[in-house]
Amino acid sequence: MNNDHVQQIKNILINELGVDFPADKIGLEDRFQAVLGLDSVGFIELRYQCEQAFAVTIKDEDFVPKNFTNITSLVTLIEQLQTTHAVSAASLL
């Protein structure tokens with residue numbers, strides 16, 4: 001798991017979404033809704049912020065609870081999307 005991605009997501013949660021936890025207290029498995037208090041609007045904003053920060057497009061079929069449960073699940077999705085994008089770009093060359 002890319003530690004830079006983890007830190008960026010923590011920064012998004014704190015600085016953009018107003019999660020009131022210090023970064024070092026946000027665990028990889030802390031549930032966004034149950035532990036960090038994200039609501040439906042927060043999830044939409046998290047999706048947008050991740051798309052901007054990681055230069056990916058999160059399709060509606062990927063915007064599901066299993067991918068947005070916690071930092072671990074979200075980093076996994078982002079890494080998959082980045083890998084898919086890199087492979088697609090390389091095949092165009």
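Looking only at residues of region 1-22 that are among the aliphatic types (A, V, I, L, M) and in contact (Cβ under 8 Å) with a residue 40 or more places away in the chain, we find that the one that is most open to solvent (accessible area, probe 1.4 Å) is MET1. Within region 1-22, the set of residues being part of a helix (DSSP H, G or I) and over 26 Å from THR83 (Cβ atoms) comprises ILE14, ASN15.
Within region 36-74, being part of a helix (DSSP H, G or I) and among the basic types (Lys, Arg) holds for ARG47, LYS66.
One line per residue, one yes/no per condition, for (1) among the charged types (D, E, K, R); (2) at pLDDT 95 or above:
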site	(1), (2)
MET1	no, no
ARG31	yes, yes
LEU36	no, yes
THR69	no, yes
SER73	no, yes
ALA89	no, no
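Within the bounds of region 23-35, is there any residue that is surrounded by 17 or more Cβ atoms within 10 Å (Cβ to Cβ) and in contact with a Lys or Arg (Cβ under 9 Å, 6 or more places away or on another chain)? The answer is yes, given that some residue of region 23-35 is surrounded by 17 or more Cβ atoms within 10 Å (Cβ to Cβ) and in contact with a Lys or Arg (Cβ under 9 Å, 6 or more places away or on another chain).
The values are calculated or read from the model by the stated rules, or taken from the named source; none is laboratory data. As the structure is a prediction and not an experimental result, all values here were calculated from the model. Glycine also receives a Cβ, built like all others from the backbone with ideal geometry; neighbour counts cover every protein chain displayed. Areas reflect the complete protein model, heavy atoms only, side chains present, ligands, DNA and RNA absent. Shrake-Rupley method; radii C 1.70, N 1.55, O 1.52, S 1.80 Å.
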